[in-house]
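Peer 1: Encoded as structure tokens, here's the structure I'll be asking about.
Each reported figure results from applying straightforward, stated rules to the coordinates on display, with no laboratory input. Bear in mind the structure is a predicted one, so any value in this text is a computation, not a measurement. Ideal geometry is used to build each Cβ from the backbone, glycine not excepted, and the neighbour counts take in all protein chains shown.
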Amino acid sequence: MALKESLQQHLDDIYNKCLQCGLCLPICPTYNLDLREESSPRGRIQLIHSVQNNELTLSEIFVNEMYFCLDCRACETACPAGVRFGELIEESRNMISDKGLEPFILKFLKKIFLRWILTSTKRTKTAARILRAYQRCGLKEAVIESGLLRLFSDKLHEKHRLLPTIQDKFFDEEFSEIIRPAGDVRGRVAFLSGCIMNVAFTDIHRDAVYVLIANGFEVVIPRGQVCCGSLHAHNGEIDSAKYLAQKNIEVFEKYQFDALVVDSAGCSAFMKEYTRIFAGDEKYAERAKIFSQKVKEITEFFSEVGLTIPLTSFNKKVTYHEACHLVHTQKISRQPRELIQSIPGIELIELPEATWCCGSAGIYNVVRYDDSMKILDRKIKNLESTGADIVVTANPGCHLQLQYGIKKHGLNMQVMHPISLFRTVYHEKS
Amino acid sequence: MITSSITKKLKGIIGNDNVFDSPESRLAYSYDSSPINTQIPDLVVRPTTPEQISQIVQLANDEIFSIVPRGSGTGLSGGTLPSENSIILLTNHWNKIIEIDKENLCVWVEPGVITANLQADVEKYGFIYPPDPGSASISTLGGNVAENAGGLRGLKYGVTKNYVLGLEVVLPTGEILHTGGKSVKDVAGYNLKDILIGSEGTLGIFTKILLKIIPKPATSKTFLAFFSSMEDAARTVSAIITAKVTPSMIELLDNTTIRCVEDYTHIGLPVETAAILLIEIDGKKALVDDDAILVHEICRKHNATAIKVAQDEIESIKLKTARRSAFASLARATPTTLTEDVAVPRSEIAKLVSRISEIGKKNNIRIGTFGHAGVGNLHPNYMTDKRDKAAFARAEKSIIEVEEAAIELGGTITGEHGVGLYKKRLLEKMVGSPSMIMMRKLKQMMDPNNIMNPGKIFDLRPKCEGPLPTEREQIKKFEEVAWI
């Protein structure tokens, strides 16, 4: 109860900071879809406050509004008063979850995907193997070709295409626990293999490890580590998120390292928040703080320690899409741009509305496909205007979403993680 | 009371999808950017044509309910807050720029166009639309005209009223009125346009607006001048004007603001500085260069301790950061920040500043002041916590005392935020009885049933009022509000 009261006080403090100035409206992707105040951060703050004070009920409209929000935190960047809106929205989702009032599809996904599959690396890999078998045996193509899923719904057919392609070899099975660079050792870093990244973005991980060791860093990939829990926390599954966070803290603190390098923006953002979610916790508060302080997003890391400037030039037009959890949550915006520009010959074209969410937002594009697609269309229009060959982005969710949008709209553009861009340049050099 | 039969009729006029009656929707339109809370509106409607608005207005006259027009809801004086028995009428979705007329230097816009969007659009063709209120990124032009919004560039370029050429308005009795037009000269009859500008939604709803645009200045130069006394800074402002230089902006930051800005942005401002002036000159290059030398000289003569001149666009943006972050920096420093808006003749600016700081000291409240010194319009920010009743009361007392000081100095209680609900209490004291009578008569004549944003600017009959509700607890709860 004591915690509940302090939480209430905390939320009240956030609420009281809001000046109702409305500067969060023009940058809110959902407000801009329908121009309704209740779909803006300012409106949602009022709704949440009223529900907490029992002036409003946890109605269907309220629940819908809370899940209409992308949790992209663009409003936190725009807010003059520093209102931490993300904490409010996630708390309200916890409240909804406690009462079991979320939409059916979300409830289903949470139960199977978040609570059961992703809470165990073993189960994640088993699920990935099944998906891989399906994707490899030609059945996937057959299903897409035949339009079989259209029989159920057009949306199911489309959502099915948003699934990541599972890799032949999972990352944690490909690499040993410790990888040493050939020459002098500049430092030692721990590396998060993650959940989806581990099975579907092995190539990005491989590039990251390559660039790390090429730059003289010893890489440790602790065994027994689990999913970071960000998807859980963003969807009102705070207990699962905490369970995973505790596990990671316990696993990583057994190792000595200078930094915990993470190549997925969503994960690094949430792992930096471990401090907050364990604040006041007897057993974990201090340990979470130490853990969070070591977390470095990979472009942030290389911006601090310096990267061996690649010598070969790379004559391509590149644009940069800012992942919400990089720019809005972690305020990392300058670093990836500087890294990209340090490659000789590269032309960095600014993407209009680069900090605007792409609509991926974790599992948002599955749960709210229609809204997500409207937001994606805006992004694709902006991407098209740059005429770039490559769009660089540092988050797996954005990566998949942009790939899907580019294909859907017939654009000739490649999606790349910044670290893969470096790997490519290194590769061309050798 | 909005009965179900009224709701049904409204749905008949604008369709079911454009009438929002859920408690959630209504709650979201119960506030604006002012520090006042009133009550939950009975309904929210989103008409799409002037004819629909006309029909809604006629229905309001027949059934007697009030209409409160609203754009983005960023007003600072409570102009879009619902009154008793009212519906909120939205215009923010009406956001097309209809025509950019490069020959006649004007644009036709719908009322929901965002100020910054118009600015960005005309700039593509080498024009500017100068009025730039602090909320330009979200404020609507309809709201700007209704409040006669100002901004940073008022010194050289004036305020919204200087740019309105014509209006299409739905009157409180339902007629659709057209006034003004593209003719630069037009003296046919009373100037009705100017009565409607700044009428704060009490005399009609704008459905189309014709605005003047001007050629974009070729170049500009930005200065930051630091002073060890407020007196010196104020005298510099007067000296620049007397020297017949008209900068596009002269902005002032006081010591409290400087400290808060530095705490928040760490841009390296000297925190001991008593005042900073941000000065921008624009125009043809030769002229700007000449004026720049003059301004530099004047600042030096008036004991500026340091002067920074931006060498390029990027540096200019850097210098402006101090001013642009002023509001955010003060807002972050305390739980509640009340932004005020007094104006005096610019010759009185030094006196106003010292009166503000005296009042702050006397009432034991921290006040950070910044604003448009070049036009004598300042924003004292009262830094308090609305949950601390005693502190909040001291802030409210200070606000009234500062407003009274502005009146004494020959100024006004509001330079650009409007009267709305927030400033009603002092309007009569400031403008005097004949003006009040005329305003009331005008309102009664144009809006005989008092259905258009009633109770804003003034009450029809003078009446005693207690303090305005600032807390949720003070306002009507859902159960008590009549809704279907």
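Peer 1: Using Cβ contacts closer than 10 Å as the measure, can you line up A:Cys72, A:Cys79 from fewest to most?
Peer 2: Arranged by neighbour count, lowest to highest, A:Cys72, A:Cys79 become A:Cys79, A:Cys72.
Peer 1: Once amide H atoms are placed 1.01 Å from N in the peptide plane, what residues at a sequence separation of 5 or more from B:Phe127, or on another chain, have their amide H within under 5 Å of its amide H?
Peer 2: B:Lys216
Peer 1: Could you tell me the calculated FRET efficiency between A:Gln256 and A:Ser120, based on Cβ-Cβ distance and R0 = 25 angstrom, to the nearest 0.05?
Peer 2: 0.40
Peer 1: Among A:Val261, B:Val245, what is the fewest-to-most ranking by other Cβ atoms within 10 Å?
Peer 2: Ranking A:Val261, B:Val245 by Cβ neighbours within 10 Å, fewest first, gives B:Val245, A:Val261.
Peer 1: Moving on. How high is the relative contact order of region A:310-429? Use alpha-carbon pairs under 8 Å, at least six apart in sequence, and give a whole percent.
Peer 2: Relative CO of region A:310-429 lands at 32 percent.
Peer 1: By how many degrees, between 0 and 90 and to the nearest 10, does the Cα long axis of helix B:285-301 differ from the longest principal axis of chain B?
Peer 2: 70 degrees
Peer 1: Could you run the Debye sum over the Cα atoms of region B:218-332, one equal point scatterer each and no solvent, and tell me log10 of I(q)/I(0) at q = 0.17, 0.20, 0.21 Å⁻¹, two decimals?
Peer 2: Log10 of I(q)/I(0), two decimals: -0.77, -1.05, -1.14.
Peer 1: Can you work out ³J(HN,Hα) from phi for every residue in region B:173-190, in order, using Karplus 6.51 cos²θ - 1.76 cosθ + 1.60 and θ = phi - 60°, giving whole Hz and x for Gly and Pro?
Peer 2: 9, x, 5, 9, 9, 10, 9, x, x, 7, 5, 5, 9, 6, 10, 6, x, 4
Peer 1: Taking a threshold of 21 Å on the Cα-Cα distance, which of the pairs A:Lys122/A:Lys247; A:Lys381/B:Lys102; A:Lys317/A:Lys379; B:Lys216/B:Lys285; B:Lys212/B:Lys424 fall above it?
Peer 2: From A:Lys122/A:Lys247; A:Lys381/B:Lys102; A:Lys317/A:Lys379; B:Lys216/B:Lys285; B:Lys212/B:Lys424, over 21 Å: A:Lys381/B:Lys102; B:Lys212/B:Lys424.
Peer 1: OK, next. Residue by residue, what Karplus-based ³J(HN,Hα) values in Hz, rounded to whole numbers, does region B:128-142 have, using 6.51, -1.76 and 1.60 with θ = phi - 60° and x for Gly and Pro?
Peer 2: After applying 6.51 cos²θ - 1.76 cosθ + 1.60, I find 10, 10, x, x, 9, x, x, 9, 3, 5, 9, 5, 9, 5, x Hz.
Peer 1: Calculate the mean, over all residues of peptide B:66-75, of how many other protein chain Cβ atoms lie within 10 angstrom of the residue's Cβ.
Peer 2: What the average comes to for B:66-75 is 2.
Peer 1: Give me, ordered by chain and number, the residues 5 or more places off A:Phe201 or on other chains with an amide H under 5 Å from its own placed amide H.
Peer 2: none
Peer 1: Something else: Roughly what would the spin-label model give for B:Asn104 and A:Gln8, points 7 Å off Cα along C-beta, in nm?
Peer 2: 6.2 nm
Peer 1: Compute the length gained on full extension between A:Asp377 and A:Leu33: take 0.36 nm times their separation in residues and subtract their Cα-Cα distance, giving the result in nm to one decimal.
Peer 2: 122.7 nm
Peer 1: Restricting to bridges with both residues inside chain B, how much of the DSSP beta-bridge set is antiparallel, in percent to the nearest 5?
Peer 2: Antiparallel: roughly 85 percent of the beta bridges in chain B.
Peer 1: Before rounding to the nearest 500, sum -39500 (n - 2.57) across all DSSP H runs of length at least 4 in the protein assembly as shown and divide by the residue total; then give [θ] at 222 nm in deg cm²/dmol.
Peer 2: Computed ellipticity for the protein assembly as shown at 222 nm equals -13000 deg cm²/dmol.
Peer 1: At 1.567 mPa s and 4 °C, plugging the Kirkwood radius over alpha-carbon pairs of chain A into Stokes-Einstein gives what diffusion coefficient in µm²/s?
Peer 2: Diffusion coefficient, whole number: 58 µm²/s.
Peer 1: Measure nothing but the geometry: give the 0 to 90° angle between the long axis through the Cα atoms of B:50-63 and the longest principal axis through the Cα atoms of chain B, rounded to 10°.
Peer 2: With rounding to tens, the tilt is 60 degrees.
Peer 1: What nm distance separates the two modelled labels at A:Asp281 and B:Asn162, each placed 7 Å from Cα along Cα→Cβ?
Peer 2: Inter-label distance under the simple model: 5.9 nm.
Peer 1: Continuing with the same structure: Please compute, for peptide A:53-63, the average count of beta-carbon atoms on other protein chains lying within 10 Å of each residue's beta-carbon.
Peer 2: 3
Peer 1: B:Thr305's amide H: which non-local residues (gap 5+, or another chain) put their own amide H closer than 5 Å, with H modeled 1.01 Å from N in plane and none for Pro or chain starts?
Peer 2: B:Phe226, B:Phe227, B:Ser228
Peer 1: Let me ask something else. What ranking do A:Met373, A:Met197 get, fewest neighbouring Cβ atoms within 10 angstrom at the top?
Peer 2: Listing A:Met373, A:Met197 from fewest to most nearby Cβ atoms yields A:Met373, A:Met197.
Peer 1: Can you give me the three principal axis dimensions of region A:214-340 from its C-alpha atoms, in Å, biggest first?
Peer 2: The principal-axis extents, from largest down, are 52, 31, 21 Å.
Peer 1: Report the equivalent ellipsoid semi-axes for region B:97-215 in whole Å, largest first, defined as the square roots of five times the eigenvalues of the gyration tensor built from alpha carbon atoms.
Peer 2: 21, 16, 13
Peer 1: List, largest first, the extents of the alpha carbons of the protein assembly as shown along their principal axes, each in whole Å.
Peer 2: 87, 71, 61 Å, listed from the longest principal axis down.
Peer 1: Please report, in whole Å³, the volume per residue of the convex hull around the C-alpha atoms of chain B.
Peer 2: Value for chain B: 150 Å³ per residue.
Peer 1: Just need the relative contact order of chain B here, percent rounded to a whole number, with Cα pairs under 8 Å and 6+ apart.
Peer 2: Averaging sequence separation for qualifying contacts and normalising by length gives 16 percent for chain B.
Peer 1: Given the options B:Ala275, B:Pro111, A:Ile112, identify the residue whose Cα lies farthest towards the positive end of the charge dipole of the protein assembly as shown (+1 on Cβ of Lys, Arg; -1 on Cβ of Asp, Glu).
Peer 2: Selected residue: A:Ile112.
Peer 1: For peptide A:14-25, how many partner chain Cβ atoms fall within 10 Å of a residue's Cβ, on average?
Peer 2: If you average over the peptide's residues, the count of other-chain Cβ atoms is 6.
Peer 1: Pick out, in residue order, every one of the trypsin sites (Lys or Arg not before Pro) in region B:368-409 that is DSSP loop and has at most 14 other C-beta atoms within 10 Å; say none if there are none.
Peer 2: Taking region B:368-409 and a limit of 14 other Cβ atoms within 10 Å, the loop trypsin sites (Lys or Arg not before Pro) found are B:Arg387.
Peer 1: Only bridges whose two residues both fall in the protein assembly as shown count here: according to DSSP, what percent of them are antiparallel, nearest 5?
Peer 2: Rounded to the nearest five, the antiparallel share is 70 percent.
Peer 1: At what distance in angstrom do the alpha carbon centres of region A:179-208 and region B:315-379 lie from each other?
Peer 2: 52 Å
Peer 1: Just how large is the dipole of chain B about the Cα centre, in debye to the nearest 20, putting +1 at every Lys and Arg Cβ and -1 at every Asp and Glu Cβ?
Peer 2: Rounded to the nearest 20 debye, it is 420 debye.
Peer 1: Ok, one more. Given a Förster radius of 56 Å and the C-beta distance between A:Val305 and A:Leu58 as r, what FRET efficiency does 1/(1 + (r/R0)^6) yield to the nearest 0.05?
Peer 2: That gives a FRET efficiency of 0.70.
Peer 1: What fraction of the Cα pairs in region A:310-429, stated in percent, has a spacing above 24 angstrom?
Peer 2: When all Cα pairs of region A:310-429 are counted, 23 percent exceed 24 Å.
Peer 1: Just to be sure I understand the model, the point goes 7 Å from the Cα along the line to the Cβ. What's the resulting B:Ser347 to A:Arg186 distance in nm?
Peer 2: About 6.7 nm separates the two model spin labels.
Peer 1: Quick one: angle between helix B:349-362 and the longest Cα principal axis of chain B, in degrees between 0 and 90, rounded to 10, please.
Peer 2: That helix lies at roughly 80 degrees to the long axis.
Peer 1: Quick one: compute the contact order of region B:23-84, relative version, from alpha carbon pairs under 8 angstrom and 6+ residues apart, as a percent.
Peer 2: Worked out over region B:23-84, it gives 49 percent.
Peer 1: Mind counting lysine pairs for me in region B:303-366? Cα separation below 20 Å, and the two need to be 8 or more apart along the chain or on different chains.
Peer 2: 4
Peer 1: Which GluC sites (Glu not before Pro) in region B:68-134 pass both tests, a DSSP loop state and at most 12 other beta-carbon atoms within 10 Å?
Peer 2: B:Glu103
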